[in-house]
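Coordinate-derived values only; no laboratory data. Here the structure is a predicted model, which means the values were calculated and not measured. Here Cβ is always computed from backbone atoms with ideal geometry, including for glycine, and neighbour counts include all displayed protein chains.
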């Protein structure tokens, strides 16, 4: 028994020494000004290679830009719901100056905490609720989605395109509609079939959704999820795909024809810079291709030049501001005219999308 | 020479306190080594964890928020385990009670006088939890169906049912399609005491005392004790084994149900994803660590809650990967459970038993 205790003391002493050895260095840091403390709350891990990966790239861009004037931290795998409230509150309480939450389901938790900490700045990605100290930000990803639809519409042979989608909320519905409009602008025979996974981040479910769509005859898989799994599933079956979030071709290969991608760095640098300078105000940021917060990734060598030209032409119209994705005429998938020729959808209408355009097989509700 | 584990006849009070304390120190050291391997400062990490869980009034209320469901499910599980009824269905009982409470809150809230709403919500929720636990209890006592499997499977049924409701017919029509029911009317909110810690805390502490009293100071408690020790002996005493098991498990289910009611009425105030974050399973650890003693359960629940809340801190403030927090929880629990082996058993070194010796030699 005695030996056991000796061992314990030795271990304890070892741990103490190791701990003290580390602590002696950072005395010099105290002299400098406190860095601006920024926290990010993520739904998945940065290693998802998709949604959270791109936000984390943005966070890194902030660190690169401001150096030791900012300190950024993040927490991954935070479930949407009551636990998110606790996480966001803990950051606020620990003295973080600015908190970003990057999933739709963090909206109500963030509103709740924002009320309690009026001095902390809150930014919520993809929601619609704001406060004096809480802003929203998002990008018009539907623009590059439309462009990616052109590619898919031209490249499909079975005229069935599968779409693995997270939740039937306006954000996702808008993306499906933009993609379908793009595909049908070059190939009116295209059908887009939707499978809901009811999760943003779940590699297994995302893959299963893609497999079900391939079984249903789809020869191209598009997606609104957080990981590259649907793309991998398509590749394994020898089928093509359209990525999302990040340039998924880099992770999966040339079967990923292109991807609508996020580029958060410039936005994060801008809004954090403003917050540091004291010029930050409540805003609802929703920019598109022109601002560069979204873009279409470089295309796979499998995409022929004439398709690339078609995409370029459509992109130019959007950049010029002469035309945009949700300009009429647009019919819903029961055949009813929803947007008349010559009319265009307002931001408000786009933000509350609850119907599918013609060519989408599936139901929103 | 060989080593024997011998069950201790009486466990000394000192051992009961000292062994868990020593196990805790061991686990801190083990975890510290792990942290060093990751290049993190163990002391700073522990400080961050402690601060996250107890560092301020506000932080502590968040620990309590997690402790409340753990206390209630821990009590429910402890009661069942005392009867050797392996109820691992706390998760399902919690969830189904949450569903029932939600149904009352959003549908009856429209016509029910507001002062009656919350009591009704609580009552119906507890009844639902009890009913859900009653199924395996009846199956066990009537048909001798193993309760472990039934309680576990019913968890999935309850969870999938709740998902069906908030993804489907109960989905908030004003929620832009995002899964989750509409928010509860204010009359169905469990009052909050401090921060997000709600009245469920008072219920939990009161019920811990009440359960202790019932188990130790009443005739029914005595009957349950005999029954737990030996069903045969109970039968000889003329105690109805079946009836008592069913009754006790109904109470167990109601306790777990109250945890679910607290979550939907006190925290999320709607039914949505993340109703139970594995509380019903953590409750098993809570019950065991509390040695099935209702008075110990609240303390252990706070400790577990602190580990969960503090574990997140490791990630949030120290920048360690999410899996590190979970790893640390495991590292802390293992020595604690191993430690209980030493309180309950005596290690004996014996001269080689002739038979055992022969067997050992044969193996060599």
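Hey, how many Å between the Cα centroid of the range A:235-266 and the Cα centroid of the range A:162-200? With the range A:235-266 and the range A:162-200 each reduced to a Cα centre, they are spaced 16 Å. When the alpha-carbon atoms of the range B:167-256 are used, the pair Rg, Dmax equals 20.7, 62 angstrom.
To test your reading of the geometry: what angle, between 0 and 90 degrees and rounded to tens, separates the Cα axis of helix B:279-289 from the longest principal axis of chain B? Taking the Cα atoms of chain B, the angle to B:279-289 is about 30 degrees. Packing, as the average of other Cβ atoms within 10 Å across residues, places the peptides A:256-265, B:96-105, A:118-127 in the order B:96-105, A:256-265, A:118-127, highest first.
Give the share of C-alpha pairs in each 20 angstrom bin for chain B, from 0 to the last occupied bin, in whole percents, shortest bins first. With 20 Å bins starting at 0, P(r) equals 26, 53, 19, 2. Report summary: the helix-based calculation at 222 nm, which adds -39500 (n - 2.57) for every DSSP H run with n ≥ 4 and divides by the residues of chain B, gives -24000 deg cm²/dmol.
What the pair-distance distribution of chain A shows, using all Cα-Cα distances binned every 20 Å from zero, is 28, 51, 17, 4, 0 percent.
Averaging 1/r across all pairs of distinct Cα atoms in the range B:1-151 and inverting the result yields a Kirkwood radius of 20.1 Å. Taking the square roots of 5 times each eigenvalue of the Cα gyration tensor of the range A:319-365, largest first, gives ellipsoid semi-axes of 20, 12, 10 Å. For the range B:113-192 and the range A:41-67, what is the centre-to-centre distance using only Cα atoms, to the nearest Å? Between the Cα centre of the range B:113-192 and that of the range A:41-67, the gap is 38 Å. To the nearest 10 degrees, how steep is helix B:200-217 against the longest Cα principal axis of chain B, on a 0 to 90 scale? Value to nearest ten degrees: 50. By the equivalent-ellipsoid construction on the alpha carbon gyration tensor, the protein assembly as shown comes out with semi-axes of 51, 32, 26 Å, ordered largest to smallest.
Note on residue B:205 and residue B:54: with the Förster distance fixed at 25 Å, the Cβ-Cβ geometry gives a FRET efficiency of about 0.85.
Computed from Cα atoms, the angle from the helix B:42-54 axis to the main principal axis of chain B rounds to 40 degrees. Computing FRET efficiency as 1/(1 + (r/R0)^6) for residue A:69 and residue B:47, where r is the C-beta to C-beta distance and R0 is 25 Å, gives about 0.50.
Across chain B, the mean sequence separation of Cα contacts (distance under 8 Å, 6 or more residues apart), normalised by length, yields a relative contact order of 36 percent.
Counting only other chains, what is the mean number of Cβ atoms within 10 angstrom of the Cβ of each residue in peptide A:73-79?
Mean shielding count: 5.
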